[in-house]
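Participant: Structure below; questions to follow.
Bear in mind that the values in this text are calculations on the coordinates, not laboratory data. All values reported here derive from a predicted model rather than from experimental measurement.
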């Protein structure tokens, strides 16, 4: 931001302060955080619910979810980075499945809580 005084211009830069706090985080807290990031997006949540029933290809997920193939691929990359889905080659295409059985149980539990 430029500030004008009588004779000259001064550039004021915002003061940057960083405070780092070290808080011990348990593994359970990390897993809950991962789950929160995974289901924070309605699209990712729908992908997880769809893959809970059976493995699907990107094309199948595109038809079910209703967004473009690059959009599905981007969401799958996020889910893969969080270790929620895993892809395996099936001929020329990659088929995706949930990486952990406990995710299926967790999603079913969350669906039950939301319905009530």
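Participant: From largest to smallest, what semi-axes in whole angstrom does the stretch 26-115 give when each is the square root of 5 times an eigenvalue of its alpha carbon gyration tensor?
Facilitator: For the stretch 26-115, the ellipsoid semi-axes come out as 22, 14, 13 Å.
Participant: Please compute the Cα-Cα pair-distance distribution of the stretch 22-75 with 10 Å bins starting at 0, giving whole percents from short to long.
Facilitator: 22, 44, 21, 11, 2
Participant: Moving on to the next point. Under the definition of Cα pairs under 8 Å and six or more residues apart, what whole-number percent is the relative contact order of the stretch 26-115? Could the numbers behind the result be given before it?
Facilitator: Details: 74 pairs, mean separation 24.2, N = 90.
Reported relative contact order: 27 percent.
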